[in-house]
1. Run down Tyr302, Tyr224 and say which single residue is at pLDDT 95 or above, touching a Ser or Thr at 6+ places or on another chain (Cβ under 9 Å), over 25 Å from Pro529 (Cβ atoms) and among the aromatic types (Phe, Trp, Tyr).
2. Among (1) touching a residue at least 24 places away in the same chain (Cβ under 8 Å); (2) surrounded by fewer than 20 Cβ atoms within 10 Å (Cβ to Cβ), which single condition is Pro387 missing?
3. Within region 327-377, restricting attention to residues that are without any contact (Cβ under 8 Å) to a residue 60 or more places away in the chain and β-branched (Val, Ile, Thr), which residue is surrounded by the most Cβ atoms within 10 Å (Cβ to Cβ)?
4. So which of Ala208, Ala185 is touching a Gly at 6+ places or on another chain (Cβ under 8 Å), within 16 Å of Gly537 (Cα to Cα) and surrounded by 21 or more Cβ atoms within 10 Å (Cβ to Cβ)?
5. Among the residues of region 597-620, is any crowded, with 21+ Cβ neighbours inside 10 Å and of a type in the set (Ser, Thr, Tyr)?
6. Tally up the residues in region 444-458 that are outside any loop (DSSP other than H, G, I, E, B) and either of a type in the set (Asp, Glu) or without any contact (Cβ under 8 Å) to a residue 12 or more places away in the chain (or both), please.
7. Would you say Ser651 is within 19 Å of Val285 (Cβ to Cβ), surrounded by fewer than 24 Cβ atoms within 10 Å (Cβ to Cβ), among the polar types (S, T, N, Q) and in contact (Cβ under 8 Å) with a residue 12 or more places away in the chain?
8. So how many residues does region 472-499 have that are in a loop (DSSP other than H, G, I, E, B) and crowded, with 22+ Cβ neighbours inside 10 Å?
Amino acid sequence: MALPPSAAIRRTVICLFLAFSVTNAGPHHGIIQRRHGKGHHHGYIIPPGTPGEVTPGNPTVVPPGNPTVVPPGGEIPGVVPPGEVPHEIPGVVPPGGVPHEIPGGTVVPPGTPAEVPPGTPAEVPPGTPAEIPPGTPPAENDLETNFKGSWAIDNPNVGVAAMQFQLMPNNKAVWFDTTSLGPSARELGPPGNCPLSPEMNFKPDCWAHAIAYDVETGESRTVYMDGEPWCSSGHLWPNGDLVATGGTRGGYKSVRMLSVSDLNANFVEKKNVLADNRWYSSNQVLEDGSAVVVGGRNSFSYEIVPPNKLEFPSKKFNLKFLQETTVPKKPGPGMYIENNLYPFLFLVPDGNVFLFANDRAIIFHPSTGTVVREFPKLPGGARNYPPSGMAALLPLTLTSKDIHAEVVICGGNTQESYQAVDSKHTKTRVFVPALRDCHRLVLSDHSSKWEKEQDMPSGRCMGDLLHLPTGDLLMINGAQKGVAGWENAIDPNFTPVLYTPNKPMGQRFKEMVPTNIARMYHSVSALIPDGKILVAGSNPHAKYLLKAEYPTELRVEKFSPHYLDPALAKHRPEILPEMADKVTTDKVLKYGQEFKVGVKFNSGQVNPQNVKVTMVYPPFTTHGFSMNQRLLVLPVKAVTDESITTVAPPSGKIAPPGYYMLFVSFRGVPSKGYWVHVD
């Protein structure tokens, strides 16, 4: 009996598929082949982090935070490091995907290598397991260490307190203080240089209020400023120049710039450029390199500052949300409370801006001011200045178009904590203990709500929350009682805390070795290219006081995190600009394009599943908020014994144009950073 036409077609397709499978079968069944032979570097092309299979369909996964013991010289099949996400596999149709059609109408079954133009990433849904052939080394856990970090004095007296801070892509850290409240502890060079200060009734000012600090040598030079940047904000232009916005007195509406290319440059300032007063405001760089400048005292608005211009037509966007989240001023001079200054800002992968002020959050469209989403109130207290909690956008893993974006907010203090301690509000001062709680919010999920995170080991206000190259974060600096403001805090929090957001609840915080230097109001910290944390500042006084319980702090420290354990040094990768066989590390990246990283793995040939490539944007840090900070985990396409092939971020919505520090980590041990530019 003749088969129906449809059944005949199915039978023919099945036969063709079986023939194709037999013809292409080899010693390794699947999509991943180890390459040998002349002209090939030894290495694997493996989607990092994808689950391995012990038996077909039976993946064995190690739960996050559950270390696995590997026998000497042994391998554990099917073990995957916690928190890893499968990378894109070029030229492969994901299981369940739509088959490709090739000329002649032949149907290629899912999983068959397809012809994809070079540089075109294939899309693999997050969590899709790859067919890893038997014998493929599984990913290993991060290298274990009991090292809790170390501290070292980098400079015993730099002379200028660090209120505002920016690491520039020439490895100079620029920081500056107020210019109107008297002398610093360092003369403005060269000797005899005493310009007339507009902030001091045009009297000569022979003192430095800004420096450029070499993070490699600890040497510094003075930088001249003629305005008042007290409690200002800032960011980098795409070309690497530093731009600072606002301040007080003569600097309310100023825009000032410091060139990255001129190593002897001073600030160039233009006054009365901004549309509104910007004192205690925050900045966020947008997808085109411009930046929103949001809020400030009595400024319930935002505006957009274009790149590479000191003068431009200004336009103010009123934002009712800022007025709604402000605790009203009480009658009398200086009786502010607010609790929503230095608001937290983050660029969301869709190009909109997340804004958190006091205890509430919205997402708004920067070009129109339209509020596109409003979130429930965050319980527990106030998170912005002066209670001054911490916030960060968690690492963005770029392995699919649907990028998971999530923020975490920790610490701060109660709504009443400022008026309980500030001398303008009370004569019986009470230093309220800082909050210990943390909360997370998924921005990429429109139905998400605040989720309670594990509590910190100790309360903290005025601390910094910094990205580390590995994807972990570090809490550092701050106080355990009180709030921001002159003389308004006690009980310094000397102990940094390592925060690993993907570990199981209860295992996410680990206390590091403490310092013995108080870093409270007007202190800063930042990741620098060698992987250490530069720590400077702390001045809880209106003027420089060198003999006080918490003095004006002029020492500069470096903190070495856990991954700089000397015992792990042999495992530390090295990014090389150029190698003997002409493999180079690209410095200029283009959105969505593959690029090469020349690398030396000191531990020899490596499994690519143990390799992570990250990019970190250097933030502008002041008053406990690191503006523009973001860390991107790039997809690893291939790893050999001398290079890595990876892919640049897809757009400015994910990675605003400019300079980033590029790191390569092997089993949790990062290389030194390498400056790259993306646009």
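The values are calculated or read from the model by the stated rules, or taken from the named source; none is laboratory data. Note that the structure is a prediction, hence the values are computed from the model and not measured. Every residue, glycine among them, receives a Cβ derived from its backbone with ideal geometry; neighbour counts consider all protein chains shown.
1. Values: Tyr224 fails: touching a Ser or Thr at 6+ places or on another chain (Cβ under 9 Å).
Result: Tyr302 is the single residue among Tyr302, Tyr224 that is at pLDDT 95 or above, touching a Ser or Thr at 6+ places or on another chain (Cβ under 9 Å), over 25 Å from Pro529 (Cβ atoms) and among the aromatic types (Phe, Trp, Tyr).
2. (2)
3. By that ranking, first place goes to Ile362.
4. Working: Ala185 fails: surrounded by 21 or more Cβ atoms within 10 Å (Cβ to Cβ).
That would be Ala208, the only listed residue that is touching a Gly at 6+ places or on another chain (Cβ under 8 Å), within 16 Å of Gly537 (Cα to Cα) and surrounded by 21 or more Cβ atoms within 10 Å (Cβ to Cβ).
5. Yes: one or more hits.
6. Step one: list which residues in region 444-458 are outside any loop (DSSP other than H, G, I, E, B), which gives 451-453.
Within this subset, residues satisfying the condition of being either of a type in the set (Asp, Glu) or without any contact (Cβ under 8 Å) to a residue 12 or more places away in the chain (or both) are 451, 453.
The number of residues fulfilling the criteria is 2.
7. yes
8. Filtering region 472-499 for residues in a loop (DSSP other than H, G, I, E, B) gives 472, 477-478, 483-488, 493-496.
The next check asks that each one be crowded, with 22+ Cβ neighbours inside 10 Å; those that pass are 472, 477-478, 483-484, 488, 493, 496.
Within region 472-499, residues that are in a loop (DSSP other than H, G, I, E, B) and crowded, with 22+ Cβ neighbours inside 10 Å number 8.
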